[in-house]
Amino acid sequence: MSDDSPNDVRRDALAAHARLMAHLEHAAEHGPETVGMGADALAGLMGMGEALEVDLTEPAARADAERDRLRSRLAEAAARLAPGRDPMDVALELTRSHPDADGVLDAARDWTRLSLEFTTERALAPYGDGEFRVDVAPPELRWGTAMMAWSGHWETDTASFDYVNPPDPAWSEQEAHEWLEMFSHTTLPAVSVHEVAPGHYSHGRALRRVQSPVRRALLSMSFVEGWAHDVEEVCVDEGFGAYAAARLGDPDRTADHFEIGVWPEALIRVTRLAVAIGLHTGAMTVEGATARFVEDTTLRGPAARAEAERATFDPTYGRYTWGKSEILALRERAREQWGTPSPRRVSTGSCWRWARPRSVSSERSSTSESGGGAPARRRQETGLVASSPPRSARATRTRPRARSSACPARAASTSARSDTSATRVSPSAALSARAQAVSSRPVASTRIVTTRPRSLPLVASTPTIRFE
């Protein structure tokens, strides 16, 4: 608080701070010794931001199944690159190949450019305009490895930033080496598609087209992180690894290098979900959670312990996998109901095109297949209400609404209300029209700026900063 703050404001602020400190001291001395908040409290916390009733048995089962699937995908990629070797050993070895401290920024800029170009060419996200800067984080954010800062949704359009942090010059050689493994030639590509395109940056550009102030203001972090996490695998399926290898002209680089960078990061995130549920339901201790990270991921020693301890103060950090799983569930529903031959395109297209439901499961359970009004309800639920072609000043698929699940699946009654020309069309026609609109319209390019501005507009242009 500044010295020139009004006396009454200063007095009230200091009193509030004193109450907080007293509460924390009392909790530390008299609070429960267990770190878990309990199953009901965790389920309530997870569901509150999504307006959902959460049954923890479902995400726990999904976490185990997803862990097994990811380990299988990692094993397949590692076997192609290094037959007969342990997949985790292969992944760990590849992370040791990284740029030096002076080369981190240039490497991040190269992968940013590739991810933006690939996303535009494959029409994986509807908007590719704006200015994007890759730079060292300001001093107050130097503790993280990488973070994305959107252009402010309520501000005049300014640059978005991907902040990356080379190792501190004061660190030992070993410490610097371990830090640089996060920017390895295998890890950094996956980080770039997550943070930039078609991940968070692409999402942020869509947010600027949102007409509803409610949808701009209310965030579903399960969707935000689930989207960016899911598109990592979208890029595997769409061939980003081979695309990058060809563009880089490196004969030693293959598509498998990109894949092996994606799967270990996904294993860390799915383990977060399992650990958060285990710790807060009493089924797991911090020691057991640490062992789970060691067993299922590439993390070892202090890194594994730190991830386990994070669950004690960030109990919803499984939101990456939870959000992704809801998007994948939407994809499967689209395949069943639309019969599309391109499941991943349906996933991305549907998420951008239509508003989110209150809950996939609750919609199904509360809507009778034969009851009155069911056909119209199901058409809304599955995205069968399409609005007129998007105008340049409005979004077709943007930020999730407040009352919804972790992923969009039904047509926007909001869009229909805001656009009086909305009409009903068949699902195949809607999907075909959307695909043609994405592929045929000129996509504005993103200008990548590689010089640091004299002063960073941290308040006006970057109100939302996410840490991975």
Checklist entry - What is the residue count in segment 200-234 for residues that are over 24 Å from Ala255 (Cα atoms), of a type in the set (S, T, N, Q) and touching a Pro at 6+ places or on another chain (Cβ under 9 Å)? => result 2
Checklist entry - Got at least one residue in segment 330-349 being among the β-branched types (Val, Ile, Thr), outside any helix (DSSP H, G or I) and modelled with pLDDT of 90 or more? => result no
Checklist entry - Inside segment 216-232, can you point out the residues that are under 18 Å from Met48 (Cβ atoms) and either touching a strand residue (DSSP E or B) at 6+ places or on another chain (Cβ under 7 Å) or charged (D, E, K, R) (or both)? => result Glu225
Checklist entry - Yes or no: Pro99 more than 19 Å from the chain's Cα centre (by Cα) and modelled with pLDDT of 90 or more? => result yes
Item to check | Every residue from segment 83-120 that is crowded, with 17+ Cβ neighbours inside 10 Å and not in a helix (DSSP H, G or I) | outcome: His98, Pro99
Item to check | Residues of segment 23-45 satisfying the condition of being touching a Leu at 6+ places or on another chain (Cβ under 8 Å) and of a type in the set (A, V, I, L, M) | outcome: Val35, Met37, Ala39, Leu42, Ala43
Item to check | Qualifying residues in segment 152-166 (those that are farther than 30 Å from Ala303 by Cα and at pLDDT 85 or above) - the one surrounded by the most Cβ atoms within 10 Å (Cβ to Cβ) | outcome: Ala159
Checklist entry - Can you name the residue in segment 21-63 that is in contact with a helix residue (DSSP H, G or I) (Cβ under 7 Å, 6 or more places away or on another chain) and closer than 30 Å to Pro87 by Cβ and, of all such residues, is surrounded by the fewest Cβ atoms within 10 Å (Cβ to Cβ)? => result Leu56
Item to check | Search result, residues across segment 126-145 that are part of a loop (DSSP other than H, G, I, E, B), closer than 24 Å to Asp102 by Cα and at pLDDT 80 or above | outcome: Ala137, Pro138
Next on the checklist: Conditions first: (1) crowded, with 18+ Cβ neighbours inside 10 Å; (2) touching a helix residue (DSSP H, G or I) at 6+ places or on another chain (Cβ under 9 Å). Glu76 passes all but one, so which condition is the exception?
Outcome noted: (1)
Item to check | In segment 52-76, residue farthest from Leu267 (Cα to Cα) [restricted to those that are in contact with a Pro (Cβ under 8 Å, 6 or more places away or on another chain) and touching a residue at least 60 places away in the same chain (Cβ under 8 Å)] | outcome: Leu74
Next on the checklist: For segment 304-321, which positions are in a helix (DSSP H, G or I) and either charged (D, E, K, R) or within 29 Å of Glu93 (Cα to Cα) (or both)?
Outcome noted: Ala304, Arg305, Ala306, Glu307, Ala308, Glu309, Arg310, Ala311, Arg319, Tyr320, Thr321
Item to check | Any pair with Cβ under 9 angstrom, 6 or more apart, that starts in segment 269-291 at a residue that is in contact (Cβ under 8 Å) with a residue 12 or more places away in the chain and under 14 Å from Arg305 (Cα atoms) and ends at one that is surrounded by 24 or more Cβ atoms within 10 Å (Cβ to Cβ) and among the basic types (Lys, Arg) | outcome: Arg272/Arg319
Checklist entry - Between residues in segment 112-131 that are closer than 16 Å to Asp162 by Cα and touching a residue at least 60 places away in the same chain (Cβ under 8 Å) and residues that are in a helix (DSSP H, G or I) and small (Gly, Ala, Ser), which pairs lie under 8 Å by C-beta distance while being six or more apart or on different chains? => result Thr112/Ser192; Leu114/Ser192; Leu114/Ala244; Ser115/Ser192; Gly128/Ser202
Item to check | Some residue of segment 173-181 being surrounded by fewer than 23 Cβ atoms within 10 Å (Cβ to Cβ), at pLDDT below 90 and more than 30 Å from Leu74 (Cβ to Cβ) | outcome: no
Item to check | Residue satisfying condition, being under 26 Å from Arg247 (Cα atoms), surrounded by fewer than 24 Cβ atoms within 10 Å (Cβ to Cβ) and under 15 Å from the mean Cα position of the chain (by Cα), within set Ala146, Ala123, Ala206 | outcome: Ala146
Item to check | Pairs with Cβ under 6 Å, 6+ apart, first in segment 143-157 and charged (D, E, K, R), second surrounded by fewer than 15 Cβ atoms within 10 Å (Cβ to Cβ) and part of a loop (DSSP other than H, G, I, E, B) | outcome: Glu155/Ala460
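The values are calculated or read from the model by the stated rules, or taken from the named source; none is laboratory data. Please read these numbers as outputs of a predicted model, since none were measured by experiment. Please note: Cβ atoms are built from the backbone with ideal geometry, for glycine as well, and neighbour counts cover all protein chains shown.
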